[in-house]
Amino acid sequence: MSSKQAILFIAFVSCYMAAAAAEPGKPNFVVINIDDLGYADIGPFGSKLNRTPNLDRMAAEGRKLTCFYAAPVCSPSRAALMTGCYPKRALPIPHVLFPEDKHGLHPDEVTVAELLKQRGYATACIGKWHLGDQPEFLPTKQGFDVFYGLPYSNDMGPASDGVKSDLGAPLPKAGAGKGQPPLPLMRQDTVLQRVLPDDQTRLVELYTNEAIAFIKNNKDKSFFLYMPHSSVHFPIYPGKAFQKKSTNGYYGDWVEETDWSVGQVLNTLRESGLAENTLVLFTSDNGGTARGLNTPLRGHKNSTFEGGIRVCTIAWWPGKIPAGTFTDAITGMFDILPTFARLAGADLPQGRKLDGMDIWPLLAGQQDAKGHDEFFYYRGLKLEAVRSGPWKLFLASEQLYNLESDISESQNVAESNPAIVERLKSLAASMKDDLGVDGPGPGCRRLGLNTNPLPLIDRDGKVRPGFEPK
């Protein structure tokens, strides 16, 4: 029995003993995770360019988390969401995972889907996975009953397939993509097709239809729906019904289509009588690119300025989460697992460190509820900045910002606050014996490793044996 199997067996037994009493109170969970959405790309966070009526309503009926941290790029952020840890602890990689990568989220990691599955939840991942594309790393091996979507980003493939250029743009010169294999659309562990430009325009609609079907098929049981959209990641491919309908180009069209999708999911919950027993969390995997808007934050995706790592987030649960409210407490992706586990009556995985906390008191608007006192800004394997309370210090430059009075990180106040600089440097140094400050530390867990990685579709267009349509 592997270490992961042992942990899951112990957790299963303890959960089973309490299941009868806990069953009536188990809520459903939906996480809608957008790709590369800017902090101010939606109405509730200040957008004047993109029309987002469904998210406007969601915020009016829910609670905004205005200081919710993800990661600077895709794969690390998703690892934090799945495991309840800083990305570097569960997936210590320098950047992101690529097609036929030998690495992935280790099969021994206990995901939020696995914890909920032990409590009798139906689980689905509908959208972009990006935690490994080899057989042992796919969602169906990490606690999900259902997988429909892409194993990685929609820009990963050969340029000739349109994955390196936006809708209507000329194809780049041959060689773009560095020999990446074709992009596969999958159902479970089966490759359905090679994704071409017209397919890209249908992704939001396809994911939405699958999500609605999953909700309806599981309305009489507890469920966890993880919906990581491919929108609004480059290349930009809005659906045909939304093209040229916004005032913000194809990017705005895709934001508005994504808002439509959110509305479809929420309306399905309302019409199915599930809204009052479902916690929905809307977020983004990292800050927006230069295409989007992160105002008033500084920086973009791939940086540890606030604009690269702080993401627009809304929590919605009618009757349980106070409507029209917000919190600026420090929260993040790694809080999802412990929070859902608490609400579902699931035991946290034993024998492994978690970095997240149960933030349900914050979501519920309890007056004395608090978020994290500290946050460590990792970019890949390097610790670039550290925060304590309102104070944020960039380690290399020793630039200090007070995020309460200067959310835009425009005024370096290090010179007038030397004691705070030293305290934050000492705090950063304390990570040397845990996650490390530059390179893997002793607290980093093993990466999943496949010594013979193969593409799901090879360069000749042939589907990998065992993954062909049945």
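The values are calculated or read from the model by the stated rules, or taken from the named source; none is laboratory data. Small disclaimer: the values here were computed from a predicted structure and weren't measured. Here the Cβ is made from the backbone with ideal geometry for all residues, glycine too, and neighbour counts use every protein chain on show.
Which residue out of Val386, Val421 is over 23 Å from Asn294 (Cα atoms), of a type in the set (Val, Ile, Thr) and not assigned by TED's automatic domain parsing to the domain that holds His103? Give the steps one after another, and end with the answer.
Working: Val386 fails: over 23 Å from Asn294 (Cα atoms).
Checking each option against the conditions leaves just Val421.
Tally up the residues in the stretch 110-148 that are touching a Lys or Arg at 6+ places or on another chain (Cβ under 8 Å) and of a type in the set (Ser, Thr, Tyr), please.
Number of matching residues: 3.
Quickly run through the stretch 165-197 and pick out the residues that are part of a loop (DSSP other than H, G, I, E, B) and crowded, with 21+ Cβ neighbours inside 10 Å.
Listed by number, the residues that qualify are Gln180, Pro181, Pro182, Leu183, Val195.
Between Lys128, Lys88, which is crowded, with 24+ Cβ neighbours inside 10 Å, touching a residue at least 60 places away in the same chain (Cβ under 8 Å), of a type in the set (D, E, K, R) and in contact with a Phe, Trp or Tyr (Cβ under 6 Å, 6 or more places away or on another chain)?
Result of the check over Lys128, Lys88: Lys88.
Filter the stretch 85-101 down to the residues that are assigned to a loop (DSSP other than H, G, I, E, B) and among the aliphatic types (A, V, I, L, M) and list them by number.
Leu91, Ile93, Val96, Leu97
When the stretch 402-431 is examined, which residues are found to be in contact with a Pro (Cβ under 9 Å, 6 or more places away or on another chain) and either outside any loop (DSSP other than H, G, I, E, B) or at pLDDT below 95 (or both)?
Asn402 - this is the single residue of the stretch 402-431 that is in contact with a Pro (Cβ under 9 Å, 6 or more places away or on another chain) and either outside any loop (DSSP other than H, G, I, E, B) or at pLDDT below 95 (or both).
Just to be sure, is Gly389 surrounded by 17 or more Cβ atoms within 10 Å (Cβ to Cβ), on the phi > 0 side of the Ramachandran plot, at pLDDT 95 or above and not hydrophobic (A, V, I, L, M, F, W, C)?
When the stated conditions are applied, Gly389 does not pass them.
Need a quick list: helices (runs of 4 or more DSSP H) entirely within the stretch 263-375 having at least 1 residues that are within 24 Å of Asp220 (Cβ to Cβ).
Passing ranges, in order: 336-344.
Which of (1) outside any helix (DSSP H, G or I); (2) at pLDDT 95 or above; (3) closer than 24 Å to Asn302 by Cα does Pro76 not meet, given it meets every other one?
It fails just one condition, (1).
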